[in-house]
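One structure is given here, and the rest of the page talks about it.
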Amino acid sequence: MLISNRVRQLNPYVPGEQPKDRVYVKLNANENPYPPSSAVQKAVLDFVQNHPEKLSLYPDPDSLELHAAIADMLNKSGGVLCRAHVDGGEVQPAPEDKIPFTVTPDMIYTGNGSDEVLSFVFYAFFDSSKKFVMPQFTYSFYPVYAGFYNIPMDQVPLKEDWSLDVDEMLSRAGKNEGGIIFANPNAPTSLGLTRDEVRQMIKRASQDEIFIVDEAYVDFGGESCIPLLAEFKNLVIVRTFSKSLCGAGQRLGYIVANPELVNIVTTVKNSVNHFPIDAVAQVSGTAACRDVPYYVETSRKVAEERDKFYDFLKNKGFYVLKSQTNFLFARHPSIPGGELYKRVKEHGYLIRHFNTPGIEEFVRITIGTAEQMGGLKKIIEEIIK
Ligand SMILES: *Cc1c(COP(=O)(O)O)cnc(C)c1O
């Protein structure tokens, strides 16, 4: 047989559509509506124009400069960009976000988007003989990795208010002994646990099993768990440049964890590809992390626009969850999610609809610029009129 049994059982992730037939306003993949900072554009141009010879050489396998820049950005922002204070180009974390230790470069591991990072994290810390625990509705890539690596999973239903059922997750994790993963804030619900809620949760979980928190959206208003790394040796935090750092196209994701765990993920990565981050991504990522004020401003703009759009949807009779992310998860009382998605698309806007039982009534709307959201408001008013 030409194709392996393994491959015949695969069930790959289906990304938000990227149509080529027509130019849509894309509010369907949680991308950032703003371009990267001009510092990123300059750094990439300079690299390509003035150091083309570096493109024929392998990049730094340890991404040292990039890891130092990421650590520095986290220390300055406290890991939540939209709340950080900027004063004359100097950035300080909001008092409640200040990390009580210095994040060092050896606590960072980077990969080709957090999707790839997550796949190595799954391989490194979950076992095919034990079920790991995750919420029933969370990032829909987790079940794909579970299938890919043949790791059994235990999906715990959300509570009625769409928040995580922490007690049930812990109870099942106690039985399974295979670790826990969830996104915080969660997707597609947009709701987050506070840092203290996560702290209590890890305390009650086994310290011998991995505890993974995916912070893809935390910069838009959640609470980062990076400060908890001082207390727990089994915690891995996954983050990405794709959302708050306006960098989905450069494919850059990372973990923040204690160096021993970073080394384990590095061992997995080096068993597949020892040069995963290309030289241009190292340059653009480093430049992004050095221009924190720009991303503080863009994250804040997105968060403000989100809160305005939340009020708009509420006023129009939608059921909307109180988002800490760059998207809103909402349901209209009479127009089903699939129908709303279709009619919005006819007007040239893409939003996301999941054909997943339990959440088909909802749509997920990525927050764009004020102008884009103004356009969507008009379209929705027209549709529900
Ligand atoms: C977008 C997203 C990712 C993937 O990010 P990439 O770095 O673009 O691969 C990971 N986790 C969650 C929860 C996300 O929403």
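The values are calculated or read from the model by the stated rules, or taken from the named source; none is laboratory data. This one's a predicted model, so the numbers in the text were calculated from it and none came from an experiment. Neighbour counts run over all protein chains shown; Cβ positions are idealised from the backbone, glycine included.
What to note about this one:
- Within region 152-180, restricting attention to residues that are over 22 Å from the mean Cα position of the chain (by Cα) and among the aliphatic types (A, V, I, L, M), the residue that is farthest from residue 6 (Cα to Cα) is 170.
- Residue match in region 43-62 (condition: over 30 Å from residue 364 (Cβ atoms), touching a residue at least 60 places away in the same chain (Cβ under 8 Å) and among the aromatic types (Phe, Trp, Tyr)): yes
- Filtered residues of region 114-133 (kept if of a type outside the set (Ser, Thr, Tyr), surrounded by 22 or more Cβ atoms within 10 Å (Cβ to Cβ) and more than 14 Å from residue 209 (Cα to Cα)): 117, 118, 120
- Selected residue (only one of 228, 252 is within 15 Å of the ligand (Cβ to nearest atom) and in contact with a strand residue (DSSP E or B) (Cβ under 7 Å, 6 or more places away or on another chain)): 252
- The condition of being crowded, with 24+ Cβ neighbours inside 10 Å and among the hydroxyl-bearing types (Ser, Thr, Tyr) holds for residue 190.
- Every residue from region 355-385 that is more than 20 Å from residue 307 (Cα to Cα) and either in a loop (DSSP other than H, G, I, E, B) or free of Cβ contacts under 8 Å to residues at least 24 places away in the same chain (or both): 355, 356, 357, 358, 359, 360, 361, 385
- Qualifying residue in region 14-35 (condition: more than 21 Å from the chain's Cα centre (by Cα) and more than 30 Å from residue 380 (Cβ to Cβ)): no
- Failed condition for residue 120, given (1) in contact (Cβ under 8 Å) with a residue 60 or more places away in the chain; (2) over 20 Å from the mean Cα position of the chain (by Cα): (2)
- Among the residues making up region 133-168, those that are under 21 Å from residue 192 (Cβ atoms), more than 16 Å from the ligand (Cβ to nearest atom) and in contact with a strand residue (DSSP E or B) (Cβ under 9 Å, 6 or more places away or on another chain) are 133, 156, 157, 165, 168.
- Any hit, region 191-204, residues being at pLDDT 95 or above, out of contact with any helix residue (DSSP H, G or I) (no Cβ under 8 Å at 6 or more places or on another chain) and within 14 Å of the ligand (Cβ to nearest atom): yes
- Matching residues, region 1-34, being modelled with pLDDT under 80 and surrounded by 10 or more Cβ atoms within 10 Å (Cβ to Cβ): 14, 15, 16, 17, 18, 19
- The lone exception for residue 258 - which of (1) within 11 Å of the ligand (Cβ to nearest atom); (2) at pLDDT 95 or above; (3) not aromatic (Phe, Trp, Tyr) it fails: (1)
- Residue selected from region 100-125 under the condition more than 16 Å from the ligand (Cβ to nearest atom) and touching a Pro at 6+ places or on another chain (Cβ under 9 Å), by the criterion nearest to residue 187 (Cα to Cα): 107
- Each residue in region 1-47 was checked for being charged (D, E, K, R), part of a loop (DSSP other than H, G, I, E, B) and either more than 28 Å from residue 353 (Cβ to Cβ) or out of contact with any Ser or Thr (no Cβ under 9 Å at 6 or more places or on another chain) (or both), and 4 pass.
- When region 328-354 is filtered for residues that are of a type in the set (Phe, Trp, Tyr) and without any contact (Cβ under 8 Å) to a residue 60 or more places away in the chain, only 341 remains.
- Among the strands (runs of 3 or more DSSP E) confined to region 84-174, the ones with at least 3 residues that are modelled with pLDDT of 95 or more are located at 108-111, 132-135, 153-156.
- Of all residues in region 48-81 being of a type in the set (D, E, K, R) and assigned to a loop (DSSP other than H, G, I, E, B), the one that is farthest from residue 214 (Cα to Cα): 60
- Taking region 1-33 as the range and being of a type in the set (Ser, Thr, Tyr) and closer than 14 Å to residue 372 by Cα as the test, only 24 passes.
- Residue 37 being closer than 21 Å to residue 368 by Cβ, modelled with pLDDT of 95 or more and surrounded by 14 or more Cβ atoms within 10 Å (Cβ to Cβ): yes
- The residues in region 289-310 that are touching a His at 6+ places or on another chain (Cβ under 9 Å) and either of a type in the set (S, T, N, Q) or at pLDDT below 95 (or both) can be counted, and the count is 0.
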